[in-house]
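S.K.: One structure is given below, represented as structure tokens, and several questions about it will come after.
The values are calculated or read from the model by the stated rules, or taken from the named source; none is laboratory data. Treat the numbers as computed from the prediction; the structure is a model and nothing was measured. Quick reminder, even Gly has a Cβ in these numbers, built from the backbone with ideal geometry, and neighbours come from all protein chains shown. Ligands, DNA and RNA are stripped out before the accessible areas are found, and what is left, the full protein with its side chains, is counted by its heavy atoms. Shrake-Rupley method; radii C 1.70, N 1.55, O 1.52, S 1.80 Å.
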Amino acid sequence: MDSKANNISEPSLSQYFANDPPSFFDEIAANKASVSESATDGTNALATNCQNQGIKATAGPNSLQSNFANITSQSTPSTGTIGNLTSHTFSGGFKPPEYIENPGELEEDLKVPDQVRNFWEPPHTEPGVPPLLTMPGIRIANDLPDLIAAAVSEHLGNQELCLRKILNADSVTQDERGLRSLIAAGCYRAAVNLTGRLLTIYGQGYGRAGQPSKHSPHSLQLWFTRLTLLAKLGEYELLQQEAEPFELLNRSDVYYEFYSEMYPDKTGSIASFSFRLLLAELPIYLGNPQLALDRLSELYVICNEIKQYYNERQPPEAQEFWKKRELRVLHAIVNCALIMKKFNLIDDILRSMIFDRSDLSKEERRALFSAWGRIYLQIGDIFGAEQKFAEARRLRKIYSQPDLRDLVDKGLITVAKNDFPEAYATFQKALHLESGNTMILNNMGVCLLYAGKLKDAINLFERAINLNPQKSLNESLLVNLSTLYELESNHSKNKKLNLLRLINRYKPDLNISLEICLKLQAIN
């Protein structure tokens with residue numbers, strides 16, 4: 001370690017993490033416009049709750065707010081970032097993050113010297129004992145199928161299927177450029193299929209699990225991309241199988257030192273920090289959030305130790321670089337704690353982030369106070385939420401008008417107080433600031449429903465879809481609209497099939513099954 005850190009002796013750290021110079025694989029879904037709307041779309045359970053209770057405008061604030069301000073563990077991964085905690089529309093609930101780097105941060109990362117980025121050591125191996133190797137492989141022989149096409153063929157026939165025009169793994173170049181094209185177009189299943197072909201070139205294709213092969217930054221970025229897409233698509237069984245050989249990326253052959261002839265001047269981990277974060281959080285997807293919390297806590301300690309090591313050392317940006325990583329892990333821990341309902345832990349973390357960090361800007365502190373208030377709403381503490389929202393407002397620029405964050409905060413408070421007409425009016429103002437935001441549309445629709453205006457809620461959703469089908473055919477909005485159709489009539493199937501027609505034409509993939517989205521039963 002001395003040779004890597006200016007010959008200054010320090011206690012050895014057990015593991016080290018960093019990103020190599022980023023590639024396009026870190027930008028799995030670069031359209032940041034969808035972050036704010038999907039990061040808080042926790043209303044999937046709302047319409048189901050209405051269906052169970054009947055159409056009533058007298059629902060208790062606790063049950064209602066928990067639906068507005070909650071992203072349940074069943075929420076599907078959608079475009080967002082690990083830092084969704086500070087998103088201006090974070091709702092105070094768990095959302096599986098995307099592990100997607102902010103492009104601006106990527107540019108900053110490129111400025112960090114290799115000795116900072118690669119500040120870690122490979123695991124210790126006993127002399128004469130062969131090291132354990134990382135031996136992944138594709139676990140399915142065939143490509144992932146197009147589930148939307150299958151549903152269209154079953155319910156609407158081949159004539160409608162002919163109208164489906166999307167990219168697939170065969171219609172793009174068989175390289176990084178082709179993979180980038182599929183991801184940009186939202187064709188995530190096809191992108192998974194192409195990663196399988198590209199990994200086969202590295203000797204890590206189908207049937208190769210358990211067989212030795214060489215790793216490179218490119219091959220590990222391919223795996224990171226593939227596993228992230230599987231998480232996004234909800235393919236958790238396959239995700240678990242294919243992620244298992246990597247463990248926590250702590251074996252010798254994922255470090256540059258293992259390939260000294262290929263990389264004579266490089267040291268440290270080949271795998272990106274985001275890949276390690278994904279593997280640490282993986283147990284959340286598999287129903288074991290406590291294990292994820294343990295892994296994330298260990299990762300936080302290591303990031304903190306490295307950050308402290310660089311305190312008052314050169315280069316000056318090194319500590320800031322690791323501070324950002326430390327914050328990313330803290331955001332992940334909060335997300336994990338939300339699903340476990342460990343609100344005391346969340347309280348401690350947010351208090352520390354706000355009051356112990358002098359380097360946070362006013363806007364960053366404001367975002368955290370807002371997130372804190374929305375979490376208070378989740379546990380039914382309206383007074384505590386109002387206090388946090390008041391703190392957030394005090395940090396707003398002097399004389400500035402209420403922005404999207406303020407309006408959503410006010411709307412959620414109003415919902416918790418059962419004043420649905422006022423909440424609707426507030427969310428409507430927010431929609432004027434960000435037209436087409438599906439989170440706000442969902443909340444407006446549910447306000448109408450609880451105010452006894454079922455047809456108005458349906459019209460709101462249908463109008464949003466007609467105005468912008470590509471954006472508004474959002475999974476949670478589809479779930480809510482399908483439920484409203486069922487509440488409206490026993491003959492809702494034709495309306496759901498019309499939605500399926502639109503999905504066929506405008507959506508390459510959905511993050512949850514059509515059986516859940518549209519509640520369409522398979523034809524026997």
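S.K.: As an exercise: evaluate Asp348 against (1) in contact (Cβ under 8 Å) with a residue 12 or more places away in the chain; (2) part of a helix (DSSP H, G or I) and give the number of the one condition it does not meet.
M.R.: (1)
S.K.: If I filter region 111-133 for residues that are open to solvent by less than 10 Å² (accessible area, probe 1.4 Å), in a helix (DSSP H, G or I) and under 30 Å from Glu305 (Cα atoms), do I get at least one hit?
M.R.: Yes, the conditions are met somewhere in region 111-133.
S.K.: Go over the candidates Gly210, Gly178, Gly157, Gly203 one by one and state the one that is free of Cβ contacts under 8 Å to residues at least 60 places away in the same chain, farther than 30 Å from Arg505 by Cα and out of contact with any strand residue (DSSP E or B) (no Cβ under 7 Å at 6 or more places or on another chain).
M.R.: Sole residue among the options that is free of Cβ contacts under 8 Å to residues at least 60 places away in the same chain, farther than 30 Å from Arg505 by Cα and out of contact with any strand residue (DSSP E or B) (no Cβ under 7 Å at 6 or more places or on another chain): Gly203.
S.K.: Taking region 143-170 as the search range and keeping residues that are surrounded by 12 or more Cβ atoms within 10 Å (Cβ to Cβ) and charged (D, E, K, R), which one is nearest to Ser181 (Cα to Cα)?
M.R.: Asp170
S.K.: Right, another one. Can you find a residue that is within 25 Å of the chain's Cα centre (by Cα), under 27 Å from Lys324 (Cα atoms) and not acidic (Asp, Glu) anywhere in region 389-403?
M.R.: Yes, the conditions are met somewhere in region 389-403.
S.K.: Is it the case that region 372-379 has a residue that's of a type in the set (Ser, Thr, Tyr), open to solvent by less than 50 Å² (accessible area, probe 1.4 Å) and more than 26 Å from Lys323 (Cα to Cα)?
M.R.: yes
Residue-by-condition table, conditions (1) surrounded by fewer than 18 Cβ atoms within 10 Å (Cβ to Cβ); (2) at pLDDT 95 or above:
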{"position": "Lys397", "(1), (2)": "yes, no"}
{"position": "Pro402", "(1), (2)": "yes, no"}
{"position": "Arg405", "(1), (2)": "no, no"}
{"position": "Leu412", "(1), (2)": "no, no"}
{"position": "Val415", "(1), (2)": "no, no"}
{"position": "Asn418", "(1), (2)": "yes, no"}
{"position": "Tyr424", "(1), (2)": "no, yes"}
{"position": "Gln428", "(1), (2)": "yes, yes"}
{"position": "Glu434", "(1), (2)": "no, no"}
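S.K.: Can you name the residue in region 323-348 that is charged (D, E, K, R), out of contact with any Cys (no Cβ under 9 Å at 6 or more places or on another chain) and at pLDDT 90 or above and is also most open to solvent (accessible area, probe 1.4 Å) among such residues?
M.R.: For region 323-348, the residue satisfying everything is Lys341.
S.K.: Here are some residues: Glu326, Glu391. Which one is of a type in the set (D, E, K, R) and closer than 27 Å to Ser274 by Cβ?
M.R.: After applying the criteria, what remains is Glu326.
S.K.: Just to be sure, is Ser269 out of contact with any His (no Cβ under 7 Å at 6 or more places or on another chain), open to solvent by 20 Å² or more (accessible area, probe 1.4 Å) and either among the hydroxyl-bearing types (Ser, Thr, Tyr) or without any contact (Cβ under 8 Å) to a residue 60 or more places away in the chain (or both)?
M.R.: no
S.K.: Applying the selection to region 171-206, what residues are farther than 15 Å from Leu222 by Cβ and open to solvent by 60 Å² or more (accessible area, probe 1.4 Å)?
M.R.: Within region 171-206, Ser171, Ala184 meet the criteria.
S.K.: Among the residues of region 373-421, write down those that are out of contact with any Lys or Arg (no Cβ under 9 Å at 6 or more places or on another chain) and among the hydroxyl-bearing types (Ser, Thr, Tyr).
M.R.: Listed by number, the residues that qualify are Tyr399, Ser400, Thr414.
S.K.: Further, regarding this structure: Taking the residues in region 237-286 that are hydroxyl-bearing (Ser, Thr, Tyr) and in a loop (DSSP other than H, G, I, E, B) as candidates, determine which candidate is nearest to the chain's Cα centre (by Cα).
M.R.: This residue is Ser272.
S.K.: Quick check on Phe355: is it exposed (fewer than 14 other Cβ atoms within 10 Å of the Cβ) and at pLDDT 95 or above?
M.R.: no
S.K.: Filter region 287-316 down to the residues that are surrounded by fewer than 17 Cβ atoms within 10 Å (Cβ to Cβ), part of a loop (DSSP other than H, G, I, E, B) and more than 20 Å from the chain's Cα centre (by Cα) and list them by number.
M.R.: Asn311, Glu312, Arg313, Gln314, Pro315, Pro316
S.K.: Here's something else I'd like to know. Which condition does Ile140 not pass, out of (1) among the hydrophobic types (A, V, I, L, M, F, W, C); (2) part of a loop (DSSP other than H, G, I, E, B); (3) buried (at least 20 other Cβ atoms within 10 Å of the Cβ), if it passes all the others?
M.R.: With (1) among the hydrophobic types (A, V, I, L, M, F, W, C); (2) part of a loop (DSSP other than H, G, I, E, B); (3) buried (at least 20 other Cβ atoms within 10 Å of the Cβ) applied to Ile140, the lone miss is (3).
S.K.: Among the residues of region 481-513, what is the count of those that are of a type outside the set (Val, Ile, Thr) and over 30 Å from Asn168 (Cα atoms)?
M.R.: Total satisfying the criteria: 9.
S.K.: If the requirement is being in contact with a Gly (Cβ under 7 Å, 6 or more places away or on another chain) and of a type in the set (Ser, Thr, Tyr), which of these qualifies: Ser492, Ser472, Ser513, Ser476?
M.R.: Ser472
S.K.: Looking at region 480-510 only, could you name the residues that are closer than 20 Å to Leu161 by Cα and either aliphatic (A, V, I, L, M) or under 25 Å from the mean Cα position of the chain (by Cα) (or both)?
M.R.: Leu497, Leu499, Leu500, Leu502, Ile503, Asn504, Tyr506, Lys507, Pro508, Asp509, Leu510, listed by residue number.
S.K.: Ile458 versus (1) open to solvent by less than 10 Å² (accessible area, probe 1.4 Å); (2) among the aliphatic types (A, V, I, L, M); (3) under 17 Å from Phe90 (Cα atoms): which is the lone unmet condition?
M.R.: (3)
S.K.: Check region 357-369 and report whether any residue there is assigned to a helix (DSSP H, G or I) and closer than 27 Å to Pro283 by Cα.
M.R.: Taking every residue of region 357-369 in turn, at least one turns out to be assigned to a helix (DSSP H, G or I) and closer than 27 Å to Pro283 by Cα.
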